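Q: Handing you this structure, nothing more for now.
The values are calculated or read from the model by the stated rules, or taken from the named source; none is laboratory data. Just so it is clear, the model here is predicted, and its values are computed rather than measured. Please note: Cβ atoms are built from the backbone with ideal geometry, for glycine as well, and neighbour counts cover all protein chains shown.
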Amino acid sequence: MSETPKPREGMPDPKLDEATFRERYLSAFVDPAFDPMRAELDRIAGIAFDAYDDGRKAPITRKAGPGYADPDYDLAVDWINAKAAIDAAQAQHDAKNGPLRYLLINASSRSEHTCPGEMSKSWRLMQLAKEIIEASGNVEIEVLELNRLASEYGRDIHPCKACFSTAAPLCHWPCSCYPNYSLGQTHDWMNDIYPMWVRAHAVMIVTPVNWYATSSPFKLMMDRLVCADGGNPDPTLTHGKDAEKAKAEELKRWDYPRHLAGRTFAAVVHGDVEGAENVRRSLHDWLCFMKLIPAGAEAELDRYIGYWKPYATSHDELDADENIQEEVRNAARCLVRATQARRDGRLTDPSQDLETPRQK
């Protein structure tokens, strides 16, 4: 094999000087109520700058221990805890006599609890599906409300850093890019979201069309799920984020583990003027690429609510559109049937025993 290629570098350095860092850090405390604590805040900003300047991404670590490629490597405790949560979720998923587990995702960023002042139609459609799934018996349902990114304190999904594109083993499962304490990249929601996907036997997504695409909260989650499809479950293999080691591992022939394969899915996409069909297709392609199994043609919808009509009356349009309401219920019914058939062995993935001739 030829020599491992070196990571290419040369982009502009984003490093801040101390004055700029302090200005940004302290901008979170503009409320005059903080004025009596300015001296204390200034000292805290100094500590934060020291962590930033020193690059202390993961200040609390412990030895990886048995079962890892390098047991002596210092793993972030945050990652160890995230991995334990995923392992526990996988055990729940694999329990033969446990309930069928469904993850319902409301992908809209709109709710009455923030600036829009009104609930989303995605939430209403998801409730219709939830009622059908609940009635099927012996189920557990988790609901993921992505609007919480806009309405709840301390909820963030940080952007994917595209480690996978440097080399697949550099992308860890679960993601080890966050939290990054030195950059203030904390409160990352994905360590709670990964177990939801792992635990589920079935996933149903309800999303609006936002500028010919899914909502921005959903796209953030979607990108961060790249580690679920080919990601490296052992960060010690690459000694954390050592790009050159990761390239060497990939070139040994990485097997691209499909961590979410075999789950069934349904998708409901609704728009008002354009783009619903393309968004539905992109969701289908993405989920199938990760080896999830479509629940059937009736389980995937792209519809318009109040087509080219005022936004102010869109909920009234949904009230009147009993057809789409029943179509969403049917999508849920298809998902229930497919998920039950999957557990019974009546629904299989025809490609599950085939060896792909290509690496990802």
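Q: So which residues in segment 270-294 are aliphatic (A, V, I, L, M) and under 23 Å from Asp223 (Cα atoms)?
A: We begin by selecting, within segment 270-294, every residue aliphatic (A, V, I, L, M); these are 273, 276, 279, 283, 287, 290, 292-293.
Result: Ala276, Val279, Leu283, Leu287, Met290, Leu292, Ile293.
Q: Next question. Starting from segment 256-275, take each residue that is touching a residue at least 60 places away in the same chain (Cβ under 8 Å) and list its partners that are among the basic types (Lys, Arg) and in a strand (DSSP E or B), counting only C-beta distances under 7 angstrom and pairs at least six apart or across chains.
A: His270/Arg303
Q: Continuing with this model, one more query. State all residues of segment 167-194 that are assigned to a loop (DSSP other than H, G, I, E, B) and surrounded by fewer than 18 Cβ atoms within 10 Å (Cβ to Cβ); if no residue qualifies, say none. It would help to see each step written out before you state the result.
A: Filtering segment 167-194 for residues assigned to a loop (DSSP other than H, G, I, E, B) gives 167, 171, 173-179, 184, 186-187, 189.
The answer is Gly184, Thr186, His187.
Q: I need a count of the residues in segment 56-93 that are more than 19 Å from Asn180 (Cβ to Cβ) and in a loop (DSSP other than H, G, I, E, B).
A: Of the residues in segment 56-93, 9 are more than 19 Å from Asn180 (Cβ to Cβ) and in a loop (DSSP other than H, G, I, E, B).
Q: For the list (1) of a type in the set (Phe, Trp, Tyr); (2) surrounded by 17 or more Cβ atoms within 10 Å (Cβ to Cβ); (3) free of Cβ contacts under 8 Å to residues at least 40 places away in the same chain, I need the number of the one condition that Phe164 fails.
A: Evaluating Phe164 over (1) of a type in the set (Phe, Trp, Tyr); (2) surrounded by 17 or more Cβ atoms within 10 Å (Cβ to Cβ); (3) free of Cβ contacts under 8 Å to residues at least 40 places away in the same chain leaves (3) as the failure.
Q: Let me ask something else. Could you please give the count of residues in segment 127-165 that are under 20 Å from the mean Cα position of the chain (by Cα) and not in a strand (DSSP E or B)?
A: Within segment 127-165, residues that are under 20 Å from the mean Cα position of the chain (by Cα) and not in a strand (DSSP E or B) number 19.
Q: Continuing with this model, one more query. Name the one entry in Arg224, Arg253, Arg280, Arg263 that is touching an Asp or Glu at 6+ places or on another chain (Cβ under 6 Å) and either buried (at least 17 other Cβ atoms within 10 Å of the Cβ) or basic (Lys, Arg) (or both). Please lay out each step first, then the result.
A: Details: Arg224 fails: touching an Asp or Glu at 6+ places or on another chain (Cβ under 6 Å); Arg253 fails: touching an Asp or Glu at 6+ places or on another chain (Cβ under 6 Å); Arg263 fails: touching an Asp or Glu at 6+ places or on another chain (Cβ under 6 Å).
Step by step, each of Arg224, Arg253, Arg280, Arg263 is checked, and only Arg280 is touching an Asp or Glu at 6+ places or on another chain (Cβ under 6 Å) and either buried (at least 17 other Cβ atoms within 10 Å of the Cβ) or basic (Lys, Arg) (or both).
Q: Let me ask something else. Within segment 195-210, identify whether any single residue is surrounded by 19 or more Cβ atoms within 10 Å (Cβ to Cβ) and touching a Pro at 6+ places or on another chain (Cβ under 7 Å), and answer yes or no.
A: Checked segment 195-210: no residue is surrounded by 19 or more Cβ atoms within 10 Å (Cβ to Cβ) and touching a Pro at 6+ places or on another chain (Cβ under 7 Å).
Q: Also, quick follow-up: What are the pairs, 6+ residues apart or on separate chains, where a residue within segment 221-244 that is in the same structural domain as Ala150 (by TED's automatic domain parsing) has its Cβ under 7 Å from a residue that is of a type in the set (Lys, Arg)?
A: Short answer, once both residue conditions are applied: Asp229/Arg258; Gly230/Lys360; Thr238/Lys245; His239/Lys245; Glu244/Lys6.
Q: Still on this structure: Tell me, which helices (runs of 4 or more DSSP H) lie completely within segment 250-351 with 2 or more residues that are touching a strand residue (DSSP E or B) at 6+ places or on another chain (Cβ under 6 Å) and β-branched (Val, Ile, Thr)? Quick ask: steps written out before the conclusion?
A: Numbers: elements: 276-289, 314-320, 322-344.
Correct list: 322-344.
Q: Quick one: would you say Ala48 is in contact with a helix residue (DSSP H, G or I) (Cβ under 7 Å, 6 or more places away or on another chain), touching a residue at least 12 places away in the same chain (Cβ under 8 Å) and farther than 30 Å from Asp17 by Cα?
A: no
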